[in-house]
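So the structure is just underneath, and the comments pick up after that.
Computed from the coordinates by the stated procedures, all read-outs in this text should not be read as laboratory data. Just so you know, these numbers come straight off a predicted model, no measurement behind them. FYI the Cβ positions are ideal-geometry reconstructions off the backbone, even for glycines, and counts take in every protein chain you see.
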Amino acid sequence: GNGIRAGDLQIGETTMADRDATDRGRPTGPGPRRFRGYRRDGQPASGPGPVDWGRIWFDKLARFHHVKEPSTWTFGREEVIEFLKHQKARGTPTWKRLRAVEALMEYQRSVRRVELPELADIRDTLQERASQERSGLTGDDEVEESPGLIDPKEPEVIQELRRALRVQHKAVKTERAYVGQVLAFMRKRRLSTLESFKKITASDVEAHLTELAVRDNVAESTQDQAYYALLFLFKYVLKRDMECIDAVRSTKPKRVPTVMSREEVSKVFSHLDGITLTMAKVLYGAGLRLSECLRLRVKDIDFDQMQIIVRRGKGKKDRITPFPKQLRATLKRLIEKRLWTHERDLEEGKASVWLPHALSVKYPNAHREFKWQYVFASERISRDPRNGNQHRHHIHKGTFPAHLARAVEQAGIQKQITSHTFRHSFATHLLSDGADIRTVQELLGHNDVKTTMIYLHVLNRQDVRVVSPLDRLLGPGDDSERSGGEPELRERLDRPEATRQDHDEEPETEEGTRDCQDVSQPHGEELNAREEEPVEKSGQGVSAVCIAADPIIESVAAEMDCVVLEREGACAEHDSSRVVEDDLSSGRFARMLKLVRNIRWHQWIPRVF
């Protein structure tokens, strides 16, 4: 409608007509547009300008196919299908892929002047799939345990990699991670076939791993994942032994797990309800991982022996964990409710559950039996990507973390708490209650006891008490308390810096001095014992006080031996000097200075002069 020719539209550029129309606030160019809003006073609202989704998705499509000159490139149906498969593998929902196809069709019609709708059948298929998801017939999730069939349109290297992983019965998550790392390596090195891997050497792998650590700044675990994925590819697919890899490797740090106290666990429980509360109690009471809790089936809970059997945990190991008595009645009610749902599915002909390792072939009716059903089942029906069958799968893995994050925020706990934190708290609280570390190792399913020993780093042991030096100095109470420790030192620490110097000066009496008997002695009964000792009449104690107190008095102290003092003054001075000498020898210099200031200097200084 603006008279723009197809040649005027370049990627990343705008025409004068576009800019003029944008200034007037009306849509510009081809494709769907998002307009700027208006305020209540009629003025245009500030914010980003119109968005051309057709051009945006075309740019993504061109980058995916590594097109050097997008302005002259013509894409077809096959290129779009390959791009949509990539988006689906990344987890892009169906409605978003549908919007991408519609935007690309609008770009073809408006910019490239293509009249034949090549993408119409793809759009119709995605529309049907999106409507089914909205109606709840198939749900938003697929059966995660099933890896699905190998796509024959994938690169040959990826197909062989998937076969090698499935022969060794690797987990679905491992397969997805390894495939993603190998695809990233292939894109950076421009590899597509098995023949192109012949020119790849260990130096190329070293360069790739170094780029991940230096340029991409990935985490240590991500770099390790890329290393083991390429190692598996070269060993089991390419049948080549990789030489010593001398790449820049990140050292994986030793991290201390986050552990909640019992009070914090109670706070989190108080902000959860329903099935999420039951799952949280199972995670904390039995020490399960989130995936193990989700995969619990009815047959895995033994109410008679009060134990939970974990099937195919991490490392494909089975183990037995204690069944908390607090959950006995709750889980019974949950299973009764689950039985009612299963009977309804049987009447509707939808009763089915996913079974691993082709057990559905060995036991054809097992998927309808109640004992094989998931305890924490989903309310929707999911689809198996391998054969398209519909099953009632367990709750999605992202449901519980979302509720947990909201509960932690409402509880006001400022810790990074995840689903795995309940497992950390389970192990730490067992060890603090005196459980044997080998027993905890078996309950957690660890291969090595060193993995379990990490919980000893965060354990507050009762037999080993470590007291902070600050608590020994000021007392075990909080800084707001004023009982215990050194009261005077607490008062000095709490005072502002500007008032400390004025407060340190002792107030003088009318005669300009303070009496030694008015000062509160820190030694208590020890000082009284000293007063009962016989006092010498010599003036050497006064000389020691003068020399230790101030260098200016050294000249005066030299003449003190010839001065005869009165008995009362000499006794007082000698007692004070004895206290100072003892304090000085034991390192209490601050108390020595305090006593020096309280000596009756007016009784003997006038006699010197």
*So if we plug the beta-carbon distance of LEU149 and LYS371 into 1/(1 + (r/R0)^6) with R0 = 35 Å, what FRET efficiency do we get, rounded to 0.05?*
0.75
*Stretchable slack from GLU118 to GLU220, in nm (0.36 nm times residue separation minus alpha-carbon distance)*: 32.2 nm
*What's the FRET efficiency of ALA184 with ARG472 using the Cβ-Cβ distance as r and R₀ = 60 Å, to the nearest 0.05?*
0.60
*Among the listed pairs LYS316/LYS450; LYS332/LYS415; LYS254/LYS317; LYS170/LYS415; LYS173/LYS267, which are separated by more than 22 Å between their Cα atoms?*
LYS332/LYS415; LYS254/LYS317; LYS170/LYS415; LYS173/LYS267
*asked:* At 0.36 nm per residue, and after removing the present C-alpha to C-alpha distance, how many nm does the segment from LYS88 to THR74 gain when stretched out fully?
replied: 2.8 nm
*Beta carbons within 10 angstrom, averaged per residue: use that to sort the peptides 182-191, 299-308, highest first.*
182-191, 299-308
*Protection proxy ranking, peptides 335-342, 103-110, average beta carbon neighbours within 10 Å, highest first*: 103-110, 335-342
*Please give the contour-minus-distance gain from GLN127 to ARG240: 0.36 nm per residue of separation, less the Cα-Cα distance, rounded to one decimal in nm.*
36.1 nm
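Based on the mean of other beta carbon atoms within 10 Å per residue, what is the order of 274-286, 254-266, most packed first?
My ranking of the peptides, most packed first, is 274-286, 254-266.
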*asked:* Just to be sure I understand: if I project the alpha-carbon convex hull of the range 334-433 onto a plane and average over all orientations, what area do I get in nm²?
replied: 9.6 nm²
*Which of the residue pairs LYS96/LYS188; LYS88/LYS337; LYS88/LYS314; LYS68/LYS188 have a Cα-Cα distance greater than 25 Å in the structure shown?*
LYS96/LYS188; LYS88/LYS337; LYS88/LYS314
